[in-house]
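J.: So that we are looking at the same thing, I have put the structure below in structure tokens.
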Amino acid sequence: MTYYYRLAQLPGDAEQIHRLNYKTFVEEIPQHDPNDQHQLVDPFHEENTYLLCMKDGELAGMLALREARPFSLDKKIGPIEQSLENPPERPVEIRLLAMEPDHRTGRPFFGMLQALVNWCLKKGYDAAVISGTVRELKLYRRLGFKPFAEPVGPEQATYVPMILSRKSYKESAVGRLARPMVNFLPGPAAISGKVRRALTEEPMSHRSPAFTRLLGSVKQQLTDLTGAAFVHVMQGTGTLANDAVAAQLSRIAGRGLILVNGEFGRRLLDHAERMGLDFDPFEMEDGRAFPMEEIGRQLDTGAYEWLWFVHCETSTGVLNDMDTISQICRDTGVKAAVDCASSLGTVPMDLRTVDFASSVSGKGLAGYTGLALVFHKERLEPDRRLPRYLDIGLYEECGGIPFTQSSNLLAALDQALRNLSHDPDRHYGQLRRTADRLRNGAEALGISVLASEESASPGILTFVLPEGRSACRLGDDLFLNGFRTHYESGYLLERNWLQAAVMNSPDERETDRFLSVLAKLSDRETLSPAAPYEY
């Protein structure tokens, strides 16, 4: 891969932009008067967002996006909405589309258009308008642009008002050949074709025998996968599953201990506080593994009846040692509860000795978000002191279907579990190999991984950038190049971390391309300084 794409954000970018602007719109298309500086500064330069096509650190092409109204096209033809049959709700204007003559081939030009479409989708624009030079109308049409008004401008620099929508791009020659985004997010999951088809099956009543059989299939596969004695499916997310676990912990007399070494451990504290639980926090620095001897000493005091922790701490990529913690709990007679939202389907696990566990239908299971999973070791009775929706004993009493549930989400999860059960060892092995490949590649570029190899989850890696580099802007540039990474959550922005999750099983080619782009964007000359960033 020789071309890559990024936002203009470095000190030297402006001069390169002004020079290419001059070369294109003064020397080649005589739209402006010459000057001795051979630079053309756009009057909207401070309002523009520039997308750059780069090769070997040099500017090969560019375009500018501007959302402020009036557009330059508004000034030429009046408000664009007056000329459009179906006006977009949030349009953006493309300006200054230019390529150096030596790079006017299909690959860099089409790649820049795909970067443009990626950015428009990210920012929520539903259409882009442009003044397309009459010299390149054939090319614009291939890209998906459609004329919507009469040509404007003088004879030597005539332009046609054109619009690109999501639909026209997908139907264009370039859109049909576009490379799909690669998902390195910890959620939502990349969805297989079989799971998509299962979601679109005809809905069925949650009181029908067919639904009961479907739920039975899902529960059997989940218990086979984990060894848990019981599991219940709830309509909701991992937050709901943890509320249900907190409700069960509230039934245990005595004090609890909550282990915290990241953002999702802190969320367990919040669940416990809201449920009115009596507990102590055991807090570690984010990214650090728990000291097992110290936990053992705490539980040996006899002061605690239950312990709650996160298996894979999504915010850091640390995989806490569930087997050892649960063994310590057994040895001390303490009930163990664990949040497995980001580990189920990512690593093999044994929940036979865990009293309560929570998880979700998305993430590592690769189903659609929307189903919460609660596992438990012993049979539970209903408890009228608990809110109906959180009372897992009520689910047990009603055969797992006390309330309305979506058969579509359940069918999709059933298929996702079938996909996973086909060859789980191969699946887990591939995730580990991909994680190792990303770790080695990132560290070779001077980017460290927060979790040590001994305590790292294969599902998600947290990259700690060298001092003075911006993870947020790196994430934006990776997005332009077709990679969805995790960097916009508040806890990541605060720490300047970027995460790449491999629970979506990217193939080797995608992983290698990611590392290739990362290498180009991580070069000391091309990775921008850290700075406040607003969305």
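J.: Please state which of the following conditions residue 176 fails to meet, knowing it meets all the rest: (1) modelled with pLDDT of 85 or more; (2) within 25 Å of residue 518 (Cβ to Cβ); (3) surrounded by fewer than 21 Cβ atoms within 10 Å (Cβ to Cβ).
T.: (2)
J.: If you check residue 441 against the conditions, is it open to solvent by 40 Å² or more (accessible area, probe 1.4 Å) and in contact (Cβ under 8 Å) with a residue 60 or more places away in the chain?
T.: no
J.: Report the residue count in region 335-349 for those that are of a type in the set (Gly, Ala, Ser) and more than 14 Å from residue 186 (Cβ to Cβ).
T.: Final tally of qualifying residues: 2.
J.: Take residue 374 and tell me if it is surrounded by 23 or more Cβ atoms within 10 Å (Cβ to Cβ), assigned to a loop (DSSP other than H, G, I, E, B) and in contact (Cβ under 8 Å) with a residue 24 or more places away in the chain.
T.: no
J.: Taking into account only those residues within region 209-237 that are open to solvent by less than 20 Å² (accessible area, probe 1.4 Å) and in a helix (DSSP H, G or I), which is nearest to residue 407 (Cα to Cα)?
T.: My answer is 211.
J.: Could I ask something else about it? Is at least one residue of region 354-365 part of a loop (DSSP other than H, G, I, E, B), closer than 19 Å to residue 314 by Cα, open to solvent by 10 Å² or more (accessible area, probe 1.4 Å) and at pLDDT 95 or above?
T.: No: zero hits.
J.: Going through region 377-406 one residue at a time, which ones are at pLDDT below 95 and buried (at least 24 other Cβ atoms within 10 Å of the Cβ)?
T.: Of everything in region 377-406, nothing turns out to be at pLDDT below 95 and buried (at least 24 other Cβ atoms within 10 Å of the Cβ).
J.: Say whether the condition of being among the basic types (Lys, Arg), touching a strand residue (DSSP E or B) at 6+ places or on another chain (Cβ under 9 Å) and within 30 Å of residue 352 (Cβ to Cβ) is met by at least one residue in region 193-203.
T.: Looking for residues that are among the basic types (Lys, Arg), touching a strand residue (DSSP E or B) at 6+ places or on another chain (Cβ under 9 Å) and within 30 Å of residue 352 (Cβ to Cβ), one finds none in region 193-203, hence no.
J.: Within region 458-473, work out how many residues are farther than 14 Å from residue 184 by Cα and either part of a strand (DSSP E or B) or touching a helix residue (DSSP H, G or I) at 6+ places or on another chain (Cβ under 8 Å) (or both).
T.: 5
J.: Additional query: Quick check on region 1-40: of everything there that is without any contact (Cβ under 8 Å) to a residue 12 or more places away in the chain and outside any loop (DSSP other than H, G, I, E, B), which residue is least open to solvent (accessible area, probe 1.4 Å)?
T.: Per the stated criteria, the residue is 28.
J.: Moving on to the next point. Do any helices (runs of 4 or more DSSP H) entirely within region 99-171 hold 2 or more residues that are closer than 23 Å to residue 4 by Cβ and open to solvent by less than 30 Å² (accessible area, probe 1.4 Å), and if so, which?
T.: Qualifying helices (runs of 4 or more DSSP H): 106-123.
J.: If I ask for residues that are of a type in the set (Val, Ile, Thr) and open to solvent by 50 Å² or more (accessible area, probe 1.4 Å), which ones from region 257-303 would you list?
T.: Listed by number, the list holds a single entry, 301.
J.: Still on this model: When you scan region 77-95, how many residues do you find that are outside any strand (DSSP E or B) and either touching a residue at least 12 places away in the same chain (Cβ under 8 Å) or not charged (D, E, K, R) (or both)?
T.: Residues that pass the stated criteria total 12.
J.: How many of the residues making up region 461-487 are under 14 Å from the mean Cα position of the chain (by Cα) and more than 19 Å from residue 49 (Cα to Cα)?
T.: 7
J.: Could I ask something else about it? Of the residues 10, 51, which single one is farther than 17 Å from residue 95 by Cα and of a type in the set (A, V, I, L, M, F, W, C)?
T.: Criteria check complete, one pass: 10.
J.: With the condition kept exactly as written, say whether any residue in region 113-131 is under 29 Å from residue 502 (Cα atoms) and of a type in the set (Val, Ile, Thr).
T.: Checked region 113-131: at least one residue is under 29 Å from residue 502 (Cα atoms) and of a type in the set (Val, Ile, Thr).
J.: Go through region 441-457 residue by residue and tally those that are in a loop (DSSP other than H, G, I, E, B), closer than 18 Å to residue 313 by Cβ and not small (Gly, Ala, Ser).
T.: 3
J.: Identify, from the list 432, 418, the residue that is in a helix (DSSP H, G or I), under 20 Å from residue 360 (Cβ atoms) and among the basic types (Lys, Arg).
T.: Unique residue meeting the criteria: 418.
J.: Just name the residue that is surrounded by the most Cβ atoms within 10 Å (Cβ to Cβ) out of those in region 41-76 that are of a type in the set (A, V, I, L, M) and part of a loop (DSSP other than H, G, I, E, B).
T.: Checked region 41-76; the qualifying residue surrounded by the most Cβ atoms within 10 Å (Cβ to Cβ) is 41.
J.: Residue by residue through region 304-323, note down the ones that are open to solvent by less than 50 Å² (accessible area, probe 1.4 Å) and either more than 20 Å from residue 352 (Cα to Cα) or part of a loop (DSSP other than H, G, I, E, B) (or both).
T.: Those that are open to solvent by less than 50 Å² (accessible area, probe 1.4 Å) and either more than 20 Å from residue 352 (Cα to Cα) or part of a loop (DSSP other than H, G, I, E, B) (or both): 304, 311, 313, 314, 315, 316, 317, 318, 320.
The values are calculated or read from the model by the stated rules, or taken from the named source; none is laboratory data. Predicted, not measured: the structure shown is a model, and the values here were computed from it. Neighbour counts are summed over all protein chains in view; Cβ atoms, including those assigned to glycine, are modelled from backbone coordinates with ideal geometry. All accessible areas refer to the heavy atoms of the entire protein, side chains included, with ligands and DNA or RNA removed. Shrake-Rupley method; radii C 1.70, N 1.55, O 1.52, S 1.80 Å.
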